[in-house]
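Engineer: Next up is a structure, given as structure tokens.
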Amino acid sequence: MARRYWNINLEEMLEAGVHFGHGTRKWNPRMAPYISAKRKGIHIINLTRTARFLSEACDLVFDAASRGKQFLIVGTKKKAADSVVRAAIRARCHYVNKKWSGGMLTNWATTETRLHKFRDLRTEQKTGRLNRLPKRDAAMLKRQLSRLQTYLGGIQYMTRLPDIVIIVDQQEEYTALRECITLGIPTICLIDTNCDPDLADMSIPANDDAIASIRLILNKLVFAICEGRSSYIRNR
Amino acid sequence: MYNYNSMATAMAAALPSFSSLTPHNPLSPRLSILFPTSSKSSPSSRPFLSLSSGLVLRTRAKPSDIDTSFFDNFDPEDEIPFDPPTPPEGFVPPPSFDEGPEETEDDVAAAYEELYGPGYSGVSVLGNDIYVMDSKVKKTSAFEKTKEDKVRDGFEERVVQVRRVTKVVKGGKQLHFRAVVVVGDKQGQVGVGVGKATEVIGAVQKSAVNARRNIITVPMTKYLTFPHRSEGDYGAAKVMLRPASPGTGVIAGGAVRIVLEMAGVENALGKQIGSKNALNNARATVVAVQKMRQFRDVARERGIPMEELWK
């Protein structure tokens with residue numbers, strides 16, 4: 001994998017607060033190599049390591065995108081949900097920003113059934129069939145449609161399992177991470193001081209609480225994906 | 001068989017630091033074993049490449065062209081300098097995803113559709129057929145079902161045991177059937193699976209699906225027997241396997257015999273020491289078989305000629 005320049009500078013990361021970890025009491029001792037100091041009861045993450053891992057992750061993502069792989073971004077924290085949607089739409093990736101239903105990937109057959117139902121409801125809504133039904137049925141179907149829209153809206157273009165999954169908070173999305181591990185899908189995870197770095201394939205130690213830090217990391221990854229895609233389109 | 005080959009070559013050649021002496025292995029053994037990016041597994045056999053049937057972690061081979069090897073040799077203690085390559089001339093930092101031109105929904109939909117096809121969105125901006133995913137749905141009518149499931153992907157199924165199991169609830173007894181099935185082609189791939197359902201046929205089907213998920217390869221010599229003795233245990237069942245000269249046939253009892261036959265092993269001796277439980281014995285044979293190594297691979301790993309192994 002050729003290393004490219006991803007515009008990662010440490011001052012930017014300090015500004016965004018990427019180096020703040022969680023409280024000292026909640027740490028995972030496996031994160032010890034990535035923690036540089038302890039200040040006022042909060043662990044401080046070593047930013048050089050973070051920068052290095054981030055650039056490696058961007059390289060990996062660029063490489064994969066230039067080969068036409070599909071990505072999935074998972075972030076269900078309330079703080080991060082909005083930025084996840086924006087980032088994914090910008091990068092033209094699939095995303096999950098509301099609750100991750102258990103078995104979304106491992107039970108892909110059932111998820112596909114739901115997606116089919118979603119598609120049928122959408123077409124019915126478009127052709128106006130919903131208005132011809134009695135009010136109660138129409139209301140039920142509309143409610144179903146809105147539910148499916150919130151949960152499956154981001155993966156409506158996903159025809160098969162994704163090739164790389166980017167997870168925003170490991171503690172929050174533990175089920176998603178476990179599913180990817182059983183299926184053998186490579187994962188890129190944002191790790192905080194209370195997470196386990198050995199679970200994901202590529203972990204980026206960073207702060208997952210601050211919106212600015214999540215946005216920064218997502219920015220870099222999205223940039224890498226876009227570059228990869230454009231090179232894929234060029235060389236196709 | 002050849003999976004071990006590729007693993008051994010990769011391990012011997014590409015990872016000199018990967019011995020049992022390295023104290024820190026930040027990765028679980030699962031990932032390091034799956035490291036060979038030039039794995040020879042063909043796309044069709046990829047779903048079956050699993051390293052366990054009785055262990056808790058079920059693993060699968062990764063798509064081999066996504067190279068996550070950065071973390072494999074990584075020792076977290078040493079200092080990694082962060083020296084990014086120099087920015088190319090005229091490098092303009094790209095706008096964040098919030099700034100930048102606002103895209104209408106149609107634009108977004110068109111872009112997604114260009115990349116992935118209409119998928120399940122129900123709307124098609126570029127004029128593609130929105131029902132493109134319908135061919136995936138198999139319409140199973142009641143009549144066709146019996147014929148459809150007969151032909152499978154080259155694996156033969158044999159039922160080891162079907163038992164009626166009961167769950168006692170307030171209203172009475174709820175009966176289910178539990179089927180243990182061994183699946184194999186006679187070329188060295190076997191898998192053991194369990195499944196429960198209210199009907200025998202349903203249970204057999206479920207267990208066949210489960211068995212196909214945990215397939216292992218049996219290392220065999222050219223006389224269709226094992227390379228060496230081995231013992232394996234699972235639960236209270238302990239199984240001893242021993243190679244035999246050609247013409248002996250499979251001399252083993254019950255579950256062990258079925259597993260060995262479906263693997264294609266022609267000559268072997270096996271004994272169930274310990275519990276006689278069929279499922280546990282089947283799993284114990286699988287464990288025993290997984291412990292076996294081909295002489296060629298051991299010699300290559302240790303870096304000694306094969307003759308040394310027989311001294």
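The values are calculated or read from the model by the stated rules, or taken from the named source; none is laboratory data. Here the structure is a predicted model, which means the values were calculated and not measured. Here the Cβ positions follow ideal geometry from the backbone for every residue, glycine too, while neighbour counts run over all protein chains shown. Calculation scope for accessible area: heavy atoms of the full protein, side chains included, ligands and nucleic acids excluded. Shrake-Rupley method; radii C 1.70, N 1.55, O 1.52, S 1.80 Å.
Engineer: Output yes when any residue across region A:152-164 is closer than 24 Å to A:Ser55 by Cα, of a type outside the set (A, V, I, L, M, F, W, C) and surrounded by 15 or more Cβ atoms within 10 Å (Cβ to Cβ), and no when none is.
Structural biologist: So far as region A:152-164 goes, yes, one or more of its residues are closer than 24 Å to A:Ser55 by Cα, of a type outside the set (A, V, I, L, M, F, W, C) and surrounded by 15 or more Cβ atoms within 10 Å (Cβ to Cβ).
Engineer: Could you run through region A:96-106 and say how many residues are open to solvent by 10 Å² or more (accessible area, probe 1.4 Å) and either under 10 Å from A:Gly154 (Cα atoms) or small (Gly, Ala, Ser) (or both)?
Structural biologist: 5
Engineer: I need the full set of residues from region B:257-288 which are part of a helix (DSSP H, G or I), open to solvent by 10 Å² or more (accessible area, probe 1.4 Å) and within 16 Å of B:Pro219 (Cα to Cα), in order please.
Structural biologist: B:Glu261, B:Val287
Engineer: While we're on this one: Six or more apart or on different chains, Cβ under 7 Å: which pairs go from a residue in region A:123-149 that's within 25 Å of B:Pro118 (Cβ to Cβ) to one that's open to solvent by less than 80 Å² (accessible area, probe 1.4 Å) and among the charged types (D, E, K, R)? Could you list them?
Structural biologist: Short answer, once both residue conditions are applied: A:Leu130/A:Glu124; A:Leu148/A:Lys117.
Engineer: Condition first: touching a residue at least 40 places away in the same chain (Cβ under 8 Å) and open to solvent by 10 Å² or more (accessible area, probe 1.4 Å). Now tell me which residues in region A:56-81 satisfy that.
Structural biologist: Correct list: A:Glu56, A:Phe62, A:Asp63, A:Ser66, A:Arg67, A:Gly68, A:Lys69, A:Gln70, A:Thr76, A:Lys77, A:Lys79.
Engineer: Is it true that some residue in region A:4-15 is of a type in the set (A, V, I, L, M), farther than 18 Å from A:Ala200 by Cα and touching a Pro at 6+ places or on another chain (Cβ under 9 Å)?
Structural biologist: Yes.
Engineer: Being within 9 Å of the chain's Cα centre (by Cα) and assigned to a helix (DSSP H, G or I) is the filter here; which residues of region A:76-102 pass it?
Structural biologist: A:Val84, A:Ala88
Engineer: Then there's this: Keeping to region A:195-221, report how many residues are β-branched (Val, Ile, Thr) and either open to solvent by 10 Å² or more (accessible area, probe 1.4 Å) or at positive phi (or both).
Structural biologist: The number of residues fulfilling the criteria is 1.
Engineer: May I pose another question? Inside region B:169-245, counting only strands (runs of 3 or more DSSP E) that do not spill past its ends, which hold 1 or more residues that are more than 21 Å from B:Ser275 (Cβ to Cβ)?
Structural biologist: B:172-185, B:189-197, B:215-217, B:237-243
Engineer: Scan region A:10-29 residue by residue and report those that are surrounded by 14 or more Cβ atoms within 10 Å (Cβ to Cβ) and not in a helix (DSSP H, G or I).
Structural biologist: Result: A:Gly17, A:Val18, A:His19, A:Phe20, A:Gly21, A:His22, A:Trp27, A:Asn28.
Engineer: Tell me which residues, restricted to region B:200-231, are open to solvent by less than 50 Å² (accessible area, probe 1.4 Å), among the aliphatic types (A, V, I, L, M) and out of contact with any helix residue (DSSP H, G or I) (no Cβ under 9 Å at 6 or more places or on another chain).
Structural biologist: Those that are open to solvent by less than 50 Å² (accessible area, probe 1.4 Å), among the aliphatic types (A, V, I, L, M) and out of contact with any helix residue (DSSP H, G or I) (no Cβ under 9 Å at 6 or more places or on another chain): B:Ala203, B:Val204, B:Ala208, B:Ala211.
Engineer: How about region A:26-61: which of its residues are within 12 Å of chain B (Cβ to nearest Cβ) and of a type in the set (Phe, Trp, Tyr)?
Structural biologist: Across region A:26-61, the qualifying residues are A:Tyr34, A:Phe53.
Engineer: Among the residues of region A:111-160, write down those that are away from chain B (no Cβ under 13 Å), on the phi < 0 side of the Ramachandran plot and not in a helix (DSSP H, G or I).
Structural biologist: Passing the criteria: A:Leu133, A:Pro134.
Engineer: Looking for something surrounded by fewer than 16 Cβ atoms within 10 Å (Cβ to Cβ) and more than 9 Å from every other protein chain (Cβ to nearest Cβ) - is there at least one such residue anywhere in region A:82-95?
Structural biologist: yes
Engineer: While we're looking at this one, here's another question. Can you find even one residue in region A:1-8 that is surrounded by 18 or more Cβ atoms within 10 Å (Cβ to Cβ) and either more than 12 Å from chain B (Cβ to nearest Cβ) or under 30 Å from A:Arg236 (Cα atoms) (or both)?
Structural biologist: Scanning region A:1-8 turns up at least one residue that is surrounded by 18 or more Cβ atoms within 10 Å (Cβ to Cβ) and either more than 12 Å from chain B (Cβ to nearest Cβ) or under 30 Å from A:Arg236 (Cα atoms) (or both).
Engineer: Whether any residue in region A:217-230 is over 15 Å from A:His94 (Cα atoms), part of a helix (DSSP H, G or I), in contact with a strand residue (DSSP E or B) (Cβ under 7 Å, 6 or more places away or on another chain) and in contact (Cβ under 8 Å) with a residue 24 or more places away in the chain is what I want to check.
Structural biologist: Within region A:217-230, one or more residues are over 15 Å from A:His94 (Cα atoms), part of a helix (DSSP H, G or I), in contact with a strand residue (DSSP E or B) (Cβ under 7 Å, 6 or more places away or on another chain) and in contact (Cβ under 8 Å) with a residue 24 or more places away in the chain.
Engineer: What are the residues in region A:161-186 that are free of Cβ contacts under 8 Å to residues at least 40 places away in the same chain and either within 24 Å of A:Arg119 (Cβ to Cβ) or more than 9 Å from chain B (Cβ to nearest Cβ) (or both), if any?
Structural biologist: Correct list: A:Gln170, A:Gln171, A:Tyr174, A:Leu177, A:Arg178.
Engineer: Got a number for residues in region B:157-171 being open to solvent by 60 Å² or more (accessible area, probe 1.4 Å), closer than 26 Å to B:Met262 by Cα and not β-branched (Val, Ile, Thr)? Steps first, answer last, please.
Structural biologist: Just the residues of region B:157-171 that are open to solvent by 60 Å² or more (accessible area, probe 1.4 Å), to begin with: B:157-159, B:162-164, B:166-168, B:170-171.
Then keep just the ones that are closer than 26 Å to B:Met262 by Cα; that gives B:157-159, B:162-164.
Of the ones still in play, those that are also not β-branched (Val, Ile, Thr) are B:157-158, B:163-164.
Matching residues across region B:157-171 total 4.
Engineer: Taking region A:214-228 on its own, how many of its residues are charged (D, E, K, R) and facing chain B (nearest Cβ under 8 Å)?
Structural biologist: Residues that pass the stated criteria total 1.
Engineer: Turning to a different aspect of this structure: Can you find, within region A:36-55, the residue that is nearest to the chain's Cα centre (by Cα) among those that are assigned to a strand (DSSP E or B) and crowded, with 19+ Cβ neighbours inside 10 Å? Explain how you work it out, then say what you get.
Structural biologist: Applying the first criterion (assigned to a strand (DSSP E or B)) to region A:36-55 yields A:36-39, A:42-45.
Now narrow it down to the ones that are crowded, with 19+ Cβ neighbours inside 10 Å: A:43, A:45.
Working: A:His43: 24, A:Ile45: 21 Å.
Filtering region A:36-55 for residues that are assigned to a strand (DSSP E or B) and crowded, with 19+ Cβ neighbours inside 10 Å, the one nearest to the chain's Cα centre (by Cα) comes out as A:Ile45.
Engineer: Let me ask something additional. B:Val298 - would you say it is under 26 Å from the mean Cα position of the chain (by Cα), under 16 Å from B:Ala237 (Cα atoms) and at pLDDT 85 or above?
Structural biologist: Against the criterion (under 26 Å from the mean Cα position of the chain (by Cα), under 16 Å from B:Ala237 (Cα atoms) and at pLDDT 85 or above), B:Val298 does not qualify.
Engineer: When you scan region B:289-304, how many residues do you find that are of a type outside the set (S, T, N, Q), open to solvent by less than 90 Å² (accessible area, probe 1.4 Å) and closer than 11 Å to B:Pro227 by Cα?
Structural biologist: 3
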